[in-house]
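Below you'll find the structure, written out as structure tokens, and then a few comments.
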Amino acid sequence: MRRAVLPSCAVALVVLLALGVSFGSGSATALDLFAPGTRGHDIVLGYRLPRVLLGAVAGAGLSAVGAAFQAVLRNPLAEPYVLGVSGGAALGATVAIALGLEGAGLFGAAGVPAAAFGGGIAATGVVWTLVRAGRGGGASILLAGIVVNAIAGACITLLEAIAEPGRIQSLVWWLMGFLDVPSWGQLAFVAAYVAGGLAVLFADAARMNLLALGDEPAESLGVDVRALERRTFFACAAVVGAIVSVTGLIGFVGLVVPQALRRMVGPDLRLILPASALAGAATLVACDLLVRLLEPTVHTALPVGALTALVGGPVFLLLLRQRARV
């Protein structure tokens with residue numbers, strides 16, 4: 001199972017990428033990508049491919065960040081959405097959008113991700129400080145995440161109330177968690193943030209494994225625990241902030257995928273992190289494909305964030321119940 005998990009996740013991702021590009025409005029298929037000058041080529045290259053790639057990048061980042069949070073915080077319920085990191089990033093991005101920083105151009109494309117990154121860092125810092133001060137374990141982590149999400153949600157509501165009428169609809173649409181068609185500039189920025197953050201997490205995978213022994217044993221083996229935690233939180237905030245700035249709030253991908261993989265192949269982060277990235281990418285591409293296939297039936301665009309919450313919410317409650325029995 002351990003030897004097959006990475007190739008299996010990679011094959012699943014490739015298959016779902018091909019399916020995601022092949023299906024949608026219109027009769028274009030993935031093969032039209034190799035037929036320049038045709039209408040099908042324009043549909044695939046201009047609409048389907050960037051949306052599918054955004055789903056893959058977002059799913060990879062959220063899933064790997066969830067696996068890293070669960071290891072560093074030693075809590076299987078840790079996940080960007082639950083911990084309030086996504087909420088903080090959403091608040092930062094909302095401020096940027098309300099101020100009109102999402103305009104075209106290099107600085108416009110970078111402005112919202114930068115604001116989301118700052119919000120994610122602030123939320124992560126608050127949660128980490130509260131947990132470290134309280135030493136309450138899993139309960140304090142969840143309570144801190146709930147408080148941060150509540151504060152971020154209240155601030156976002158206030159910003160919506162005072163924002164220009166022309167921006168309110170875009171803010172509401174964005175907060176639902178849609179995978180819309182990004183510009184190639186947006187996609188490049190998100191991919192760069194995610195790649196940089198995941199590189200840091202992958203490099204620290206072996207050290208994160210030692211945290212399962214506890215702080216003192218890990219430090220006796222040469223791990224600077226506090227520096228590792230700060231580095232991990234910083235990288236996770238960069239990844240989540242970049243993703244949220246473009247997709248809005250998409251929750252529970254970072255909970256379900258790492259948990260499923262951990263039950264199949266064990267807790268080794270050197271395997272779990274890359275497998276989570278591949279499987280998370282495949283999962284979000286599949287969810288987006290399902291949403292697009294349902295559009296002709298429901299006659300409207302559905303938020304992919306609602307679908308992931310419908311799947312991830314019951315999983316979270318199940319895990320919470322299992323921990324209560326321990």
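Readers should treat all values here as calculations from the given coordinates under stated rules, not as data from a laboratory. Since the model is a prediction, treat every value here as computed from it, not as a measurement. Cβ sites come from the backbone with ideal geometry, for glycine too, and all protein chains shown count toward neighbours.
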Residue-wise HN-Hα coupling along the stretch 282-289, computed from phi with Karplus coefficients 6.51, -1.76, 1.60 (Hz; x: Gly, Pro): 5, 5, 6, 4, 5, 4, 5, 4
Extent along principal axes [Cα atoms of the stretch 209-326; Å; largest to smallest]: 60, 35, 23
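Pairs of Cα atoms under 8 Å, at least six residues apart: use those to get the relative contact order of the chain, whole percent.
31 percent
If neighbour count is taken as other Cβ atoms inside 10 Å, put Thr94, Thr157 in order from fewest to most.
On the way: Thr94 29, Thr157 11.
Going from sparsest to densest Cβ surroundings: Thr157, Thr94.
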Calculated on alpha-carbon atoms, Rg and Dmax of the chain in Å: 19.5, 63
The stretch 1-123 shape via C-alpha gyration tensor axes, a/c threshold 1.5: oblate
Choice from Thr38, Thr247, Thr283 with maximal GNM fluctuation in the chain (Cα, 10 Å cutoff): Thr38
3J(HN,Hα) from dihedral phi, the stretch 149-159, Karplus parametrisation 6.51/-1.76/1.60, rounded to Hz, x for glycine, proline: 4, 5, 5, 4, x, 5, 5, 5, 4, 5, 5
Distance between modelled label sites at Arg263 and Ser220, nm, 7 Å Cα→Cβ extension: 3.4 nm
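Averaged over all directions, how much area does the convex hull of the C-alpha atoms of the stretch 1-73 cover when projected, in nm²?
6.1 nm²
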Angle between the chain longest axis and helix 184-203 axis [Cα atoms, degrees, rounded to 10]: 20 degrees
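What ranking of Tyr47, Tyr81 emerges when the number of other C-beta atoms within 10 Å of each C-beta is taken as an exposure proxy, fewest first? Intermediate results must be reported in sequence, preceding the final value.
Values: Tyr47 16, Tyr81 28.
Lowest to highest Cβ neighbour count: Tyr47, Tyr81.
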Per-pair calculated FRET efficiency, R0 = 30 Å: Ala203 and Asp180 via Cβ, rounded to 0.05: 0.40
Residue with peak Gaussian network fluctuation, the chain [Cα springs, cutoff 10 Å], from Glu229, Glu79, Glu164: Glu164
